[in-house]
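Right, one structure below, let's go through it.
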Amino acid sequence: MPVVVVTLLTDFGTRDAYVAAMKGVILGICPEARLVDVTHEVPPQNVRAAAFLLAQAAPYFPRGTIHLAVVDPGVGSARRAVAVLTERAVFVGPDNGLFSLCLRNAPAWRAVEIANPRLRAAQVSSTFHGRDLFAPAAAHLARGVPFSELGPPVQDLVEIALQAPEVRGGVASGQVLHVDVFGNLVTDLAPEHLPTSAHLEVEGHHIGALVRTYADVSEGALCALVGSSGLVEISVRNGSAAERLGVGVGASVRAKPRA
Amino acid sequence: MPVVVVTLLTDFGTRDAYVAAMKGVILGICPEARLVDVTHEVPPQNVRAAAFLLAQAAPYFPRGTIHLAVVDPGVGSARRAVAVLTERAVFVGPDNGLFSLCLRNAPAWRAVEIANPRLRAAQVSSTFHGRDLFAPAAAHLARGVPFSELGPPVQDLVEIALQAPEVRGGVASGQVLHVDVFGNLVTDLAPEHLPTSAHLEVEGHHIGALVRTYADVSEGALCALVGSSGLVEISVRNGSAAERLGVGVGASVRAKPRA
Amino acid sequence: MPVVVVTLLTDFGTRDAYVAAMKGVILGICPEARLVDVTHEVPPQNVRAAAFLLAQAAPYFPRGTIHLAVVDPGVGSARRAVAVLTERAVFVGPDNGLFSLCLRNAPAWRAVEIANPRLRAAQVSSTFHGRDLFAPAAAHLARGVPFSELGPPVQDLVEIALQAPEVRGGVASGQVLHVDVFGNLVTDLAPEHLPTSAHLEVEGHHIGALVRTYADVSEGALCALVGSSGLVEISVRNGSAAERLGVGVGASVRAKPRA
């Protein structure tokens, strides 16, 4: 049997036993599954942040990886439980837009509602579907249960609304999508949005032209570069741009041609 | 050889290299062991919190799992090192009550003192039995060493005193056992303790009747429900009950019949 | 194929998807690799702290373990990417002194520059060599690629300057190397530095003679002992010495003969 990787992403933190309970359930069903944490420190109930982080990690996992993601403000409500199959991976979690960003780059996908009562816990808690519904579904897929056995097809997955960057009169306008642990501001601007010799601004603060890497500026200096996610980032070399500029997720970013 | 899962629960945090050293020791003895963290963020030396968290996770792991738990305020003292075998699992750690809650639901168990010098590090540090004594014991069990080889039987395991909920005159009185990362207050009241149409109170704050799930109340409202651990929890939908009420572990909880 | 352990140590934290991306890359190249986190909470860009933590963990891992460590303030600059082979392990990361402390105790080692373009990502980001350069190198080694295929030999690895403890007139002077999560102060003094019946002082605070373990002093008392790393530590029994004394890394420690 080939190794199957199951990743986990939640907003459960690591202080409680919730993530461990999910892992126990998975290993009970599929002892060979290789478990890898993406992160459990998504800000509580923040589906948008979760979608971003999952899209940062998923492309680097081997083909056939199962991504189990549970950031689920609607647990116990009528929101559907879904699994989504792409050419490269399977995604398992609540139907609330969590997978939007991953699916945006997938050439094709098909989805099912997780509805088969034989592929879940005998008793499903109304507050912890991660353990009783999603972990069993992921584990059954990992041990080879066909995707279509989970339940009926779903066509209309929920998507999170995400304002795309705008280019007008040679000026690209976007926003900060994520602030990482170093205080780097990851924006939604990609190199193809930028005018030639673009100069960057964040909330009116002048940053300057793109550099290639941190080491191109002096210690503690602000800079803009194309980060490891392929998006423009605003950084301070060996420091925190978020702290320096006092800005966070949603801050406006503009790229103008050199004056 | 079947996959054997070894879980780890400590108060060592994840900033230091202590947990990694334990994992290195285990993999040196039993390279096939599947390591799963329960949590390493137990409040320092808090055996009671550790016992609670272990009891939340352990039931979800496959039969034969070895649970290694080290919250050990008495390390280096005369407190015993023990292993406890139940029908479902093995527990390895200091004899200070850590396993009390897990054993409460076990139909039977037997325990040994970890005393066999061939099943531990050549040199045992006086401050880190997790690495030199408990990790080797767990790893030797994982690779198939018979339980009884660890050392002589122990009958009188230390138990943590835990006040049981009280039901008097139709009113159930209990306490908050745990505050989770979302601020949910997990109490020691189970559904069978509650009067019909119970109304819940925490430290005098009126909460109301049990609901089925968060989605039954409006965003930001307080509610009481039977949580994923089978115990009554006080929650705020997509918010923190601990913060809202300003209470923590030990807070009094009462369930009265509807007036 | 024997199990190969790959450990990971970074300053990336666990809130972002950076560590997960590295793990995905490794499992894509070597699905059998056993991944173990040392820590991802090294203070940002603190090579010295990283070197200390790696040296605390590495000796406990099985022979042949690959230690992947990425604390890399010079990413994108001319600093070299290296792999270092010792009798027990392989170390992979930036050439900035990260492995200094591990190599100090190695009887011999040889190093190569990671330069082979076939053993890295097709596109190497200028800011995330952990994912695009170091993780692939570690994974290729884990699946059996010969060490020498990574690139040309390196003789002059960067070392971090570390002032050795000084013994003069029977008095040993050293410093605090690390403060652990419990607030224990791990010093650079080893038992062989100490005068007979040594009395310890930290920044002028009198601590007293070495005890064997925490349990030799009363709850809340300060003490000095030889900790689990074989170095003198200053501790408070079930409390924090760092808090009590208000000192941190770099604080001066002296051991004098009893007056």
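The values are calculated or read from the model by the stated rules, or taken from the named source; none is laboratory data. In this text the structure is predicted, and so the values were computed from the model without any measurement. Cβ coordinates were reconstructed from backbone atoms using ideal geometry, including for glycine residues, and neighbour counts include every protein chain displayed.
So for segment C:238-254 (the condition being at pLDDT 95 or above, surrounded by 22 or more Cβ atoms within 10 Å (Cβ to Cβ) and in contact with a helix residue (DSSP H, G or I) (Cβ under 7 Å, 6 or more places away or on another chain)), does at least one residue qualify? No, segment C:238-254 contains no residue that is at pLDDT 95 or above, surrounded by 22 or more Cβ atoms within 10 Å (Cβ to Cβ) and in contact with a helix residue (DSSP H, G or I) (Cβ under 7 Å, 6 or more places away or on another chain).
For segment B:1-28, the set of residues classified as under 21 Å from B:R63 (Cα atoms) and over 22 Å from the mean Cα position of the chain (by Cα) consists of B:M1, B:P2, B:V3, B:L27, listed by residue number. A:F182 passes every criterion in (1) in contact (Cβ under 8 Å) with a residue 40 or more places away in the chain; (2) in a loop (DSSP other than H, G, I, E, B); (3) in contact with an Asp or Glu (Cβ under 7 Å, 6 or more places away or on another chain) apart from (3).
Scanning segment A:152-178 for residues that are over 19 Å from the mean Cα position of the chain (by Cα) and in contact (Cβ under 8 Å) with a residue 24 or more places away in the chain yields A:P152, A:P153, A:V154, A:Q155, A:V167, A:G170, A:V171, A:A172, A:S173.
The C-beta contact set for segment C:236-259 (first residue in contact (Cβ under 8 Å) with a residue 24 or more places away in the chain, second residue of a type in the set (F, W, Y) and in a loop (DSSP other than H, G, I, E, B), distance under 8 angstrom, 6+ apart or interchain) comprises C:S240/C:F182.
Among the residues of segment A:140-155, at least one is assigned to a loop (DSSP other than H, G, I, E, B) and under 28 Å from B:G230 (Cα atoms). If you filter segment C:185-212 down to residues that are hydroxyl-bearing (S, T, Y) and surrounded by fewer than 19 Cβ atoms within 10 Å (Cβ to Cβ), you find that the one that is nearest to B:P73 (Cα to Cα) is C:S197. With a requirement of 1 or more residues that are touching a residue at least 12 places away in the same chain (Cβ under 8 Å) and within 11 Å of chain C (Cβ to nearest Cβ), the strands (runs of 3 or more DSSP E) lying completely within segment A:188-227 that satisfy it span A:205-211, A:222-226.
Can you pull out every residue in segment B:58-84 that is more than 14 Å from chain C (Cβ to nearest Cβ) and surrounded by fewer than 19 Cβ atoms within 10 Å (Cβ to Cβ)? B:P59, B:R63, B:G64, listed by residue number.
For B:R244, the test of being of a type in the set (K, R), touching a strand residue (DSSP E or B) at 6+ places or on another chain (Cβ under 6 Å) and farther than 26 Å from B:C102 by Cα is passed. Scan segment C:235-257 and give yes if some residue there is assigned to a strand (DSSP E or B) and either closer than 20 Å to C:L54 by Cα or among the acidic types (D, E) (or both), otherwise no. There is no residue in segment C:235-257 that is assigned to a strand (DSSP E or B) and either closer than 20 Å to C:L54 by Cα or among the acidic types (D, E) (or both).
Applying the set (1) farther than 30 Å from A:R237 by Cβ; (2) assigned to a loop (DSSP other than H, G, I, E, B); (3) in contact with a Lys or Arg (Cβ under 8 Å, 6 or more places away or on another chain); (4) away from chain A (no Cβ under 14 Å) to C:V3 leaves exactly one unmet item: (4).
Being out of contact with any strand residue (DSSP E or B) (no Cβ under 6 Å at 6 or more places or on another chain) and loosely packed, with under 14 Cβ neighbours inside 10 Å is the filter here, so list the residues in segment B:140-152 that pass it. Result: B:G144, B:P146, B:S148, B:E149.
For every residue, the table says whether it meets (1) closer than 23 Å to A:F52 by Cα; (2) within 14 Å of another protein chain (Cβ to nearest Cβ).
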{"site": "A:V92", "(1), (2)": "yes, no"}
{"site": "A:V112", "(1), (2)": "yes, no"}
{"site": "A:N116", "(1), (2)": "no, no"}
{"site": "A:A121", "(1), (2)": "no, yes"}
{"site": "A:A142", "(1), (2)": "no, yes"}
{"site": "A:L162", "(1), (2)": "yes, no"}
{"site": "A:H178", "(1), (2)": "yes, yes"}
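Of a type outside the set (D, E, K, R) and under 27 Å from C:F52 (Cβ atoms): does that describe B:L9? Considered against the rule, which asks whether it is of a type outside the set (D, E, K, R) and under 27 Å from C:F52 (Cβ atoms), B:L9 comes out as yes. For segment A:183-203, the count of residues that are of a type in the set (G, A, S) and under 22 Å from the mean Cα position of the chain (by Cα) is nonzero. Among the residues of segment A:167-179, some residue qualifies, meaning at least one is within 29 Å of A:L85 (Cα to Cα) and assigned to a strand (DSSP E or B). For residues that are within 12 Å of chain A (Cβ to nearest Cβ), within 17 Å of the chain's Cα centre (by Cα) and not hydrophobic (A, V, I, L, M, F, W, C), scanning just segment C:32-53, find the one that is surrounded by the fewest Cβ atoms within 10 Å (Cβ to Cβ). In this case the residue turns out to be C:P43. Residues that are outside any helix (DSSP H, G or I), at the interface with another protein chain (Cβ under 7 Å from one of its Cβ atoms) and in contact (Cβ under 8 Å) with a residue 12 or more places away in the chain within segment C:12-31 comprise C:F12, C:G13, C:T14, listed in sequence order.
The rows are residues; the columns are (1) out of contact with any strand residue (DSSP E or B) (no Cβ under 6 Å at 6 or more places or on another chain); (2) under 14 Å from B:S126 (Cβ atoms); (3) among the aliphatic types (A, V, I, L, M).
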{"residue": "C:H178", "(1), (2), (3)": "no, no, no"}
{"residue": "C:D188", "(1), (2), (3)": "no, no, no"}
{"residue": "C:D216", "(1), (2), (3)": "yes, yes, no"}
{"residue": "C:V232", "(1), (2), (3)": "no, yes, yes"}
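When B:A51 is tested against (1) within 20 Å of B:A111 (Cα to Cα); (2) outside any helix (DSSP H, G or I), only condition (2) is not met. C:A106 meets the conditions (1) modelled with pLDDT of 95 or more; (2) surrounded by fewer than 20 Cβ atoms within 10 Å (Cβ to Cβ); (3) over 21 Å from B:R15 (Cβ atoms) in every case but one. The failed one is (1).
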